[in-house]
Amino acid sequence: MSEPLHYRTATDLARGLAAGETSAEEVARAVIERTQAVEPKVRAFHHRDEEDALEQARASDRRRAEGRCLGPLDGIPVGIKDVLAVEGQPLTCSSKMLENFVAPYDATVIRRLKERGAVLWGRLNMDEFAMGSSTENSAFQVTANPWDPERIPGGSSGGSAAACAAGEAILTLGSDTGGSIRQPAALCGIVGMKPTYGLVSRYGLVAFASSLDQIGPFARSVEDAALLIGAIAGHDPLDSTSYRAEIPDYAEAVRSARPPWKIGIPGEYFGEGLDPEVRAAVELAIEFYRAEGCEIIDISLPHTQYAVAVYYIIATAEASSNLARYDGVRYGHRAAEAKDAVDLYFQSRAEGFGSEVKRRIILGTYVLSSGYYDAYYLRAQKVRTLIRQDFLEAFKRVDAVLTPTSPVPAFKRGERTSDPLAMYLSDIYTISANLAGLPGISVPCGLSSGHLPIGLQLIGQPFGEAGLLGMAGHFERHHDHHLKRPPL
Amino acid sequence: MASTHPIDIDYVANLARIALTPGEKERFSRQLGDVLAYIEQLNEVDVSSVEPTAHAFPVVNVWREDEPRPGLPLEKVLANAPASREQMFVVPKVVE
């Protein structure tokens with residue numbers, strides 16, 4: 001393969017490492033040098049510790065030399081969204097509130113990566129507390145889309161998506177509450193997956209909306225995403241919502257999957273607001289599956305139009321409760337000048353939180369407040385049931401649902417920052433999978449005439465990751481969209 | 001559903017324990033008014049016989065053995081404290 005080391009897949013590097021063609025230290029150096037070269041343009045990282053990454057890589061090489069290799073991720077640099085706790089490293093959530101916070105323990109996904117020998121690499125920029133769709137809500141820096149520095153990388157995991165797309169890491173981890181992995185993956189031209197709610201432990205993930213949050217991978221191939229998901233999935237007693245599911249060999253599922261499948265096309269996802277070029281690219285993908293012998297079935301998910309409204313009630317309500325912990329007392333920002341203990345809360349939160357976080361806490365507090373709970377929160381939870389039932393009904397007839405990931409390619413910086421509602425509608429195709437708890441994957445399916453990536457979303461049945469990855473992998477095997485690189 | 005009337009921003013900001021500037025109050029009231037108007041569409045849905053969903057996959061009765069386990073050591077707990085003294089968090093005076 002002629003790709004430079006920093007652009008090779010983890011699967012390919014694992015082969016090269018096993019064959020002695022390269023070393024983990026060489027891979028880490030390639031990623032570090034690439035990051036040094038492009039980071040002034042991309043600005044994906046908050047924090048990098050090059051010496052620490054090289055030390056982890058050398059430890060991996062020593063293990064391998066002693067015959068104690070820990071598997072295919074041993075020695076692979078994995079970038080981490082700055083919302084996941086890595087013991088001894090900064091954990092800011094791109095917020096002034098946590099500017100000086102150092103994580104006192106490892107998230108379960110991090111412990112699992114360490115057990116598999118992955119080289120943990122840096123802290124990646126995001127929208128503050130994962131609230132946003134463009135990474136413009138970061139308190140610290142603006143991350144560029146590697147395909148066009150004037151444009152946003154998507155969000156909230158924009159740093160994770162941009163770093164992986166730019167070759168600043170081989171794989172990255174993000175979190176997805178309403179599309180925060182799939183949407184930036186689509187906008188940066190890589191693979192991103194949100195697992196079924198409960199498949200991956202949330203222990204050590206800073207909470208945004210606990211009934212929606214899931215951790216998942218960014219990768220430059222479906223098989224790589226499968227590899228990373230397999231490493232982080234599994235029951236964890238430290239997360240009471242963690243599910244006791246069998247974890248199959250997802251990478252093998254990608255390699256062995258073959259059509260035909262029954263694929264549902266929901267009319268509601270192809271209506272007003274869908275960019276014509278995105279529509280055309282997704283329709284080409286549908287025709288590919290049809291030509292491969294798949295049955296393409298028109299379906300209806302009739303409550304789709306309510307998903308964004310339901311989401312912004314439930315997610316903000318849960319956020320207002322979760323973020324009550326930032327009170328300036330035990331950790332996080334404390335206002336210097338407070339009259340008394342209660343004033344300390346008011347001032348610390350006023351100074352520590354950015355605009356979008358305040359806006360969402362206010363909305364969430366409002367919808368939960370006395371007299372409004374039934375009208376907003378309870379009603380939203382009921383419509384959530386209907387959205388979930390739409391999907392479960394569809395899955396009686398189809399194996400997966402195929403949609404665009406984002407209605408538009410990457411938009412320009414500043415284009416939506418003054419209109420929160422317009423920003424919220426960026427997630428219109430991704431939110432339902434979170435509300436219904438379903439797995440969703442975004443795969444590159446084309447470039448716009450302006451050379452911006454377009455993503456295709458497949459939504460699957462609960463705990464149907466293996467099948468979903470197989471379908472996505474089959475598309476990838478017959479296309480070269482995932483091999484296109486941004487003009488950096 | 002409730003409001004076509006604007007959100008009582010002072011009341012809600014007080015519940016949320018966030019001090020807002022006059023500019024933020026004006027801006028958030030207007031923006032959240034738009035969002036609430038958008039949310040009004042949920043009134044169209046008949047939910048009279050629908051159970052609410054709190055979690056997509058409710059896992060109930062998650063117990064563990066009631067055995068003592070080590071927690072974080074004190075020095076790690078206090079390492080992120082804005083102010084601490086003698087193994088305690090320091091806060092402004094609460095009682096006179």
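The values are calculated or read from the model by the stated rules, or taken from the named source; none is laboratory data. Keep in mind that this is a model prediction, so the values were computed, not measured. Cβ atoms come from the backbone with ideal geometry, glycine included; neighbour counts cover every protein chain shown. For the accessible areas, the whole protein counts, side chains as well, though only heavy atoms, and no ligand, DNA or RNA atoms are used. Shrake-Rupley method; radii C 1.70, N 1.55, O 1.52, S 1.80 Å.
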Could you derive backbone 3J(HN,Hα) for the stretch B:88-96 from the dihedral phi with the Karplus parameters 6.51, -1.76 and 1.60 (θ = phi - 60°), listing whole Hz in sequence and x where the residue is Gly or Pro? 9, 6, 9, 10, x, 4, 9, 10, 6
Over all residues in A:91-103, what is the mean tally of Cβ atoms on other chains that come within 10 Å of each residue's Cβ? 1
How much of the DSSP beta bridge set in the protein assembly as shown is antiparallel, as a percent to the nearest 5? 65 percent
So what is the 222 nm mean residue ellipticity for the protein assembly as shown from helices alone, if each DSSP H run of at least 4 adds -39500 (n - 2.57) and you divide by all residues, rounding to the nearest 500 deg cm²/dmol? -11000 deg cm²/dmol
On the formula 1/(1 + (r/R0)^6), with r taken between the Cβ atoms of B:Ser48 and A:Arg279 and R0 of 35 Å, the FRET efficiency rounded to 0.05 is 0.45
A:Phe208 accessible area, nearest 10 Å², 1.4 Å probe? 10 Å²
Entries of A:Lys81/B:Lys76; A:Lys194/B:Lys76; A:Lys114/A:Lys262; A:Lys114/A:Lys358; A:Lys81/A:Lys114; A:Lys41/B:Lys76 with Cα pairs more than 27 Å apart: A:Lys194/B:Lys76; A:Lys114/A:Lys262; A:Lys114/A:Lys358; A:Lys41/B:Lys76
For chain B, what's the relative contact order in percent, using C-alpha pairs closer than 8 Å and at least 6 residues apart? 18 percent
Counting only protein heavy atoms and leaving out ligands, DNA and RNA, the solvent-accessible surface of B:Glu51 at a 1.4 Å probe, in Å² to the nearest 10, equals 140 Å²
Apply the a/c threshold of 1.5 to the C-alpha gyration tensor of the stretch A:399-488 and tell me whether it is rounded, prolate or oblate. oblate
With the crude spin-label approximation of a point 7 Å out along Cα→Cβ, what separation in nm comes out for A:Arg244 versus A:Arg485? 4.8 nm
Residue order for A:Ser134, A:Ser256 - accessible surface, 1.4 angstrom probe, largest first: A:Ser256, A:Ser134
Theoretical FRET efficiency, 1/(1+(r/R0)^6), r = Cβ-Cβ of B:Arg69 and A:Arg255, R0 30 Å, to 0.05: 0.15
Under 5 Å between amide H atoms, partner at least 5 residues away or on a different chain: which partners does A:Ile299 have, H built in plane at 1.01 Å? A:Ile265, A:Gly267
Distance between the C-alpha centers of the stretch A:224-276 and the stretch A:31-87? Whole Å please. 26 Å
With DNA, RNA and ligands ignored, accessible area of A:Glu55 (1.4 Å probe; Å², nearest 10): 80 Å²
Check which residues have an amide H placed less than 5 Å from A:Leu120's amide H, if you skip close sequence neighbours. A:Val78
For a label point 7 angstrom out from the Cα of A:Thr22 toward its Cβ, which stretches of the stretch A:145-177 have the backbone nitrogen within less than 17 Å? A:164-172
Residue-ordered couplings for the stretch A:358-374, obtained by feeding phi - 60° into the Karplus form 6.51 cos²θ - 1.76 cosθ + 1.60 and rounding to whole Hz (Gly and Pro as x), are 4, 4, 6, 5, 4, 4, x, 5, 4, 5, 9, 6, 3, x, 10, 3, 5
Sequence of A:Asp61, B:Asp46, A:Asp480 from largest to smallest accessible area, 1.4 Å probe: B:Asp46, A:Asp480, A:Asp61
What ³J(HN,Hα) values, in whole Hz, does the Karplus curve 6.51 cos²θ - 1.76 cosθ + 1.60 give for the stretch A:177-187 when θ = phi - 60°, with x put for Gly and Pro? 10, x, x, 5, 9, 5, 5, x, 4, 4, 6
For A:Ser138, which sequence-distant residues (separation of 5 or more, or a different chain) have an amide H within less than 5 Å of its own amide H, given hydrogens modelled in the peptide plane? A:Glu128
Where does each of A:Ser60, B:Ser84, A:Ser418 land when they are ordered by accessible area, with a 1.4 Å probe and the largest first? A:Ser418, B:Ser84, A:Ser60
Per its Cα gyration tensor (rounded if a/c is under 1.5, else prolate when a/b beats b/c, else oblate), the protein assembly as shown is best filed as oblate
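What number, in percent, do you get for the relative contact order of chain A if the mean sequence gap of Cα pairs under 8 Å and at least 6 apart is divided by its residue count?
The normalised contact order for chain A reaches 18 percent.
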Charge dipole magnitude, Cβ of K and R +1, D and E -1 - the protein assembly as shown, Cα centre, debye nearest 20: 420 debye
Relative contact order, percent, of the stretch A:5-260 when contacts are C-alpha pairs under 8 Å separated by at least 6 residues? 18 percent
